[in-house]
Amino acid sequence: CEHDDARPYVLEGKIHAKTGDGESAIKSFTRVMSLNASACTLDVLLTYGKTLMGVGTEGSLRTALDVFVFACQKCPCASTWLGCAVACIELEDYANAETALTEASVLDSKNAKMWAHTCILSLKLGRTEAALSALDFVLLENLEDVSLLDKLARELASCSLHDQAS
């Protein structure tokens with residue numbers, strides 16, 4: 001491939017992300033963005049953003065938010081808005097998290113992950129009734145993401161909602 005061809009770096013990034021080598025995946029995806037950000041597919045942007053979120057530092061979270069915002073501009077869908085919301089929650093930017101979750105819910109009202117993060121955000125904001133309503137939708141839509149269910153249970157328990165956490 002040509003030196004300025006992003007395709008090999010896309011493949012390399014996806015392989016690193018699949019094998020759990022987040023640092024190498026981030027390097028590959030960063031290279032892709034520098035070569036031709038507008039050519040990035042939704043799949044690449046979501047993988048890049050999620051990989052950055054996995055690092056968990058403030059810098060990586062801010063970069064992830066930038067990637068998700070770019071993805072929202074390129075392809076506004078529930079997944080891109082949810083990525084923005086999760087990054088904002090982690091950065092404790094609750095107002096923008098709420099806006100992003102609202103956008104995600106408009107685009108996919110049956111998204112169990114969106115409802116789980118809505119519940120978490122509501123708990124962080126002290127809105128217990130809203131959190132419990134969101135939890136009803138999480139259960140109705142049958143969320144299967146074990147790590148997100150665990151995070152949700154921990155947040156519920158931290159708010160003394162032990163019955164709901166179990």
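The values are calculated or read from the model by the stated rules, or taken from the named source; none is laboratory data. These numbers were taken from a predicted model, which means no experiment stands behind them. With ideal geometry, Cβ positions are generated from the backbone for all residues, glycine too; neighbour counts draw on all protein chains shown. Note: areas computed on protein heavy atoms with side chains; ligands, DNA, RNA excluded. Shrake-Rupley method; radii C 1.70, N 1.55, O 1.52, S 1.80 Å.
Annotations for the structure displayed:
- Efficiency of FRET from Cβ geometry, E23 and S158, R₀ 41 Å, rounded to 0.05: 0.85
- Potential extension, T57-K110 segment - 0.36 nm per residue separation minus Cα distance: 16.0 nm
- Calculated FRET value between S38 and V146, using beta carbons and R₀ = 41 Å, to 0.05: 0.70
- Region 116-166: C-alpha pair distances exceeding 16 Å, %: 25
- Sequence-separation-based contact order of the chain, relative, with Cα cut under 8 Å and 6+ spacing, percent: 12
- Modelled this way, with points 7 Å down the Cα-to-C-beta line, the labels at A130 and D66 are 3.0 nm from one another.
- Area of S38 that stays accessible when all protein chains are in place (1.4 Å probe, Å², to 10): 90
- A helix-only calculation puts the chain at -24500 deg cm²/dmol for mean residue ellipticity at 222 nm, using -39500 (n - 2.57) for each DSSP H run of at least four residues, averaged over all residues.
- Size estimate for the chain follows the Kirkwood approach: the inverse of mean 1/r over distinct Cα pairs works out to 16.5 Å.
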